[in-house]
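Presented below is the structure to which this report refers.
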Amino acid sequence: MEFLEFFSWMKVSDIGTLSMILLIAMFFLLAIGMPLGFASAFLAVATLVMKFGPELLFGHFGRGPLNVLAQAIYRQMTNYVLISVPLFIFMAALLERSGIARDMYSSLNVWLSRTRGGIAFVTAIMAVLMAAMSGIIGGEVVLLGLIALPQMLRLGYNQNLAIGTICASGTLGTMIPPSIVLIMYGLVTETSIKSLFTASFLPGFMLASFFIVYIFIRTRLNPSLAPLPEADPDDPPGSEKALMFAGFLARLTLWVTGVLLVRALFFTLTGANRITEGVDPIPLGMVSDIPYILGAAVIAAALIFFAIGRERTSRGWHLGRGLIAPTVVIGVVLGSIYGGITGITEAAGMGVIAVFVIGLIRREMTPDIIWESIIRTLRSTGTIIWVTIGAAALAGAYTLAGGPAYVANLIVGSELPTMGVILMMMAIFLIMGMFMDWVGIVLLIMPVFLPIVVKLPAAELGFLGGLEPKYVAIWFGVVFCMNMQVSFLSPPFGPAAFYLKSVAPAHITLTDIFKGFLPFIAIQLLALSVLLFWPPIVTLFL
């Protein structure tokens, strides 16, 4: 008893004081280099001790608040959708180490090599396709740094433009489905992940288009930023290349419409696409969709035989064959999700199988590649899992201590207008994103912020157009992902800078890399402003 009384000074009854101690302690532990997962777990125990006293540990260990905490962690770790995270990481690792990504880059380069800033366009487009295949961030930056950066520097591209394009585009996996950030947000907030994917689709491609438009304008205003490569005598002229690309797209359309037609006929024969009240129709799988699919196939065939020509189409198909494998992978992953065939986890597994089979067909899936991909997956997943455990523990402990209610009363008591509250949260996200990993932010902050946002008047969210209450959690998830998009480039700990530095030439310093980020951070903030100004943008496809 005297032993417990000796530690009685540790008890903190005021939740405001406890919150300030936690904030200072978290920044201190991160500053001295303690991993976020362990720092969060340590502070979780410290929070309970400060709130409930030292007898929590020495009196009835494992009971009461500690038992509640253990149950919260168990529920988080046994969530079925969490399995999709290592599967998507494994798929991304296989894509990086096989030749699929390099062939995709080569095929895109064929069509845009004679365009001002073409390599930068290719890099941005490739990043979008990679994001749509795997949803992983770090691997994309490293891969683009290995493939695109040497070529852009060799051709005389401006270093800042090259660095910014690679890192900003390489982090698009945060926004474009199947984003792991969205998956974790959905798990923590119990929001439909499929709805989050659908809602983020347009904002993600809007951000990518902003990057491409910026590159286009900059290279037209200052052509020296992106010199044109020397003309290849074997390269077909511009008009011929355009027709060959049209032939490639027409032939690809024939294949896609063929698959969709077989799928729609299968659903029709099995009766799976019957119109039922309360059941969403199967996208492009209903009887009414068959005439449109046939029409697209007929138009594609007519273009090949009567406008473009079979020989030109064949050459275009040969030059663009590097885009076929990524199209198949994207179709398998996103098609199975939006087609109502599988859930998120099963789609991730199907994506892994698709990449693996394509690698076997291409004779690139060697035992070394598989082993390296497994090791990469274990390392990345291990990091995410430990952060998840620690952050879930801290979030649970802070909730037991009454922290969310305190923060909610603090924000509501400030009497800020609705958008003032949202902008204050955005500032907190941006500041925390400079110092903390996104996994910790979504696990620590979302249980506190989202209940406040959901209670705000939905009609007052944004400055243009209203938002239905049922979409508020989805909108806030997309806005959060856009914030995390900024955090990947934000100094002093922007992860994208360190990913690129690991593969960049020695003469490129971290200062050079962060300098190249500045215009792209401004573009990301512009995209974030669009989401805040016009929230209904996330509901257009819902």
Would you mind putting 176-182, 25-31, 245-251 in packing order, based on average other-beta-carbon counts within 10 Å, highest first? 176-182, 245-251, 25-31
Can you send over the carbon and sulfur percentage of the accessible area for the chain, probe radius 1.4 Å, protein chains only? 69
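Compute the semi-axes of the equivalent ellipsoid of the stretch 250-358, taking the square root of 5 times each eigenvalue of the Cα gyration tensor, and list them largest first in whole Å. Don't skip to the end; give the middle numbers.
Values: eigenvalues 154, 89, 14 Å².
Output for the stretch 250-358: semi-axes of 28, 21, 8 Å.
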Looks like the stretch 386-526, by Cα gyration tensor root eigenvalues a ≥ b ≥ c and the a/c under 1.5 rounded cutoff (else prolate when a/b is bigger than b/c, oblate otherwise), is oblate
With every protein chain kept in place and ligands, DNA and RNA left out, what is the accessible area per residue of the chain? Probe 1.4 Å, answer in Å². 45
Could you pull out every one of the lysines with an alpha carbon less than 22 Å from that of LYS515, ignoring same-chain neighbours closer than 8 positions? LYS501
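Dividing the Cα convex hull volume of the stretch 414-493 by residue count, how many Å³ per residue is that? Spell out each step's value before the answer.
Details: hull volume 7.6 nm³, N = 80.
Considering the Cα atoms of the stretch 414-493, their hull volume per residue is 95 Å³.
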To the nearest µm²/s, what D does Stokes-Einstein give for the stretch 310-418 at 37 °C and 0.692 mPa s, using the Kirkwood radius over alpha carbon pairs as Rh? 174
For the chain, the spread of Cα positions along each principal axis, largest first, Å: 92, 63, 53
Along principal axes, largest first, the alpha-carbon spread of the stretch 348-393 in whole Å comes out as 45, 21, 8
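In the stretch 315-359, how does Rg compare with the Kirkwood Rh, expressed as the Rg/Rh ratio over alpha carbon atoms?
Working: Rg = 12.0 Å, Rh = 11.0 Å.
That ratio is 1.09, to two decimals.
Restricting things to alpha carbons, find the Rg to Rh ratio for the stretch 155-267 using the Kirkwood radius for Rh.
Numbers: Rg = 20.0 Å, Rh = 18.1 Å.
When Rh is taken as the Kirkwood radius, the ratio is 1.10.
What does the convex hull of the Cα atoms of the stretch 103-206 come to per residue, in Å³, rounded to a whole number?
Values: hull volume 10.1 nm³, N = 104.
About 97 Å³ per residue, rounded to a whole number.
The values are calculated or read from the model by the stated rules, or taken from the named source; none is laboratory data. Here the structure is a predicted model, which means the values were calculated and not measured. When we count neighbours, we look across all protein chains shown, and the Cβ atoms used for this are built from the backbone with ideal geometry, even at glycine. These accessible areas exclude ligands, DNA and RNA; they are computed on the full protein's heavy atoms, side chains included. Shrake-Rupley method; radii C 1.70, N 1.55, O 1.52, S 1.80 Å.
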